[in-house]
Each structure stands twice: as C-alpha cells, then as structure tokens.
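Bear in mind these aren't lab numbers, they're just calculated from the coordinates by the rules spelled out. Just so it is clear, the structure is predicted and the values come from calculations on it, not from any experiment. Here the Cβ positions follow ideal geometry from the backbone for every residue, glycine too, while neighbour counts run over all protein chains shown.
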Amino acid sequence: MNKPCAYYRRLISRRIDGDLSPEENGHLQRHLSLCASCRRAQANYRQLSENLQNVLTAAQENSTTSRKTAVLPRRRSRTVRRPLALAAAAMVLVIGGLWLSRFLPPNNARPNTTASRPSAKNLDTSAWTTYRYYRQKKAPSDDYDESLLAAFRTYQDFTAPADANR
Amino acid sequence: MTHSLTFDKSVLDGLRQRDNTALAVVVDQMRGPLTRFVRKLLHYQDDALADDIVQESFIALHRSPNVQSADKIHSYLFRIAANKVTDHWRRASRQRRLVRQAGQRQSLARGEDDMTEKTLVRLAVEQSLSELPAKYRLPLLLVEYEHYAYQEIAELLGLSLANVKTRVFRAREKMITLLKQREVTYE
C-alpha cells in the first residue's frame, strides 16, 4: 500500500529518536530507496540534530569559559595570599586592642563600691562625670566620698535655678 | 534517559503534611539534576534565572504536592520546571525578538562579516529556536539534548504519546523552514 511522504517523514523523525519498530524501519527503508525527497528530508533532520548539538556544546563551553574568566583572575596565588592574610590579621589585632583599651580602668583606679554610689537621676551629667573622675582618681576614703557627694549636691542646688530659667 | 531518583512513601506523606524535613529531602536529591536540566534548556545563558526556576519549582511542590505516588515526585518536579521554562520563553519571546533585531542592525552597521560559517549557523539555530513556539521547542530539546524517550516526555509534559511524536516532528519541520529562511544550507 502506498502512503504519502508525510507519513514517512514522521517515521524519519521517529527513527532519529530510536522509536521505530523493525517492521516500520523496513517500510521506511524501502520508501527511502525510491524517494529522493524523503532522503533529503532525512539528511536535513540529521543535520538539524547536529546543529542543535553544536549549539548546546558551544553554550556549555561559553558558560565554562565565562565562569573561569569571571572568577579566576580575582584569585591571587597562594604565595601572595598568605602574607596578605597574616598582615590583615595583625592589623585587626592591633586596632582591636587599641579600641578595647579605652574600656580598661586606669592603673591606679580603685574597685568600685556600690554602697555610696549616687543615682544618675540625682546628678546632672557634668556633675556625674566629675564625681566619677574624683572617685577614681582622688577618693582616699568613703568619708571623703560622702563629702564630695555633698559638695555636688550643693553644686546642683546652686545651678538648678539657672537651669530652670534657660 | 531514565530517572533513578526515587523517594519513600514517607517523603510523600511528609510533603502532603507540609513537613519541611520531607521537602528538605527532596531538595537535597533533586536540586542538582533539576538545575542541570533547566540550565541546559536555557542554553546556559542565564544561570540565575535557572536557579530561580528551580527554587520556584520546589515552592510549587511545597504549596501543592499533587503527586499520585512517591515514585512520581521527580517527574512532577521536572514537569513544573519545564512548564516554568516554557512560560519564560513565552514571556520573553517578544522582548527577545526586539533585542535580536537591534543586535542584527548593529552587527550589520559594524560590518561583522568576519564570523566563521560555524558561528553564523549557530546563531541562526539559536534565533530559529527562539522563534519556535514553546509547545514545539520543549519536546524537541528534550529529545535532542536530554535524549528522553517519547513516553517519558509524554509523562513529563502531561501529553499523549501521539501528541509528543507529532510535536517533535513538527518542531523539526518548522526549524528547517526557519533555518532555510536564514539561508542556512539544507538540502
């Protein structure tokens, strides 16, 4: 039975994908031996497959190349990177140490005693700063501390009316 | 190509109960194959988009795990990803056409006629592929790039076997017509 070429072209497409039964393959082979047009179609399908594979291969190569060029030049060699890393670590240690030293107490500071420590609410900022200074630097005894506090309370009383008028 | 990725029934039960551990198991196993699959379909031109599509596929699975059995989880994910790639092609088709036309004008203006024959053919194939309707493009790329059997494509895309054969055949016919229009030598 003669079938149109469109039927055989479908078979050609399926043969490229390995989907033909031996019987269908035989039919197709007989038709191809007689039909130049379908032989050309078969060649075209095969060329298309080859072209598509080339596109995929080129895309894969471009992808790999672009990744290499994007990443590799930024990386330095190990011999260059190690001294740089050590220098950076040393720098961090020095800067960190300097920064932390701000929070260390002075060498002659006494440990804080909380018994007579005034509340920040009772003293204005400048008075509290001055109190801390004297407490750390000059307070020889708790009596002295109490007298200092009393002096600052007086100072507060003295400055309060002026503050209120501002 | 056959998939060897299988999951226990407990994983499917976990997915249905929105269990994050079950989702993590699926993501661990499927992220690699799914990413390679999507990147290849996108010709490795936009790996970030491919990663987004993979992520969205997992989210879609988490939101609606409409999978009949545990051994269908992988094909369900591949189907979601393939559909998302198709959506992307459809959305981008007009934009890509405009960009391509601008690129062609620039190439002509710069007189870039020193490209090798191979490069020109490759460009023509890429352009023809982008003009091929998505419903033909995806089955063609699945057989040509992934070497899927027709039956696998039918399951993956939710089509009948006869429909897949027809789409692949028509994709080839249309591609050859488009390539002939671009003066690529075919017999």
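Find how much the distance from A:Asn2 to A:Ala85 grows on full extension, using 0.36 nm per residue of separation minus their present alpha carbon separation; answer in nm with one decimal.
21.9 nm
For the range B:153-184, which GluC sites (Glu not before Pro) pass both filters: DSSP loop (anything but H, G, I, E, B) and at most 14 other C-beta atoms within 10 Å?
Numbers: sites: B:Glu155, B:Glu173, B:Glu183; in loops: B:Glu183.
When the GluC sites (Glu not before Pro) of the range B:153-184 are filtered for loop state and at most 14 Cβ neighbours within 10 Å, B:Glu183 remain.
Taking the inverse of the average 1/r across all pairs of different Cα atoms in chain B, what Kirkwood radius in Å do you get?
18.2
For the range B:1-69, what does the equivalent ellipsoid look like in terms of its semi-axes, each the square root of 5 times an eigenvalue of the Cα gyration tensor, given largest first in whole Å?
Result for the range B:1-69: semi-axes of 23, 14, 9 Å.
Roughly what angle does helix B:73-110 make with the longest principal axis of chain B, taking Cα atoms, 0 to 90 degrees, to the nearest 10?
Taking Cα atoms only, the helix is inclined about 20 degrees.
For helix B:47-63, report the angle its Cα long axis makes with the longest principal axis of the Cα atoms of chain B; keep it between 0 and 90° and round to the nearest 10°.
That helix lies at roughly 30 degrees to the long axis.
Do you know the relative contact order of chain B, to the nearest whole percent, from alpha carbon pairs under 8 angstrom that are 6+ apart?
Reported as a whole number, the value is 21 percent.
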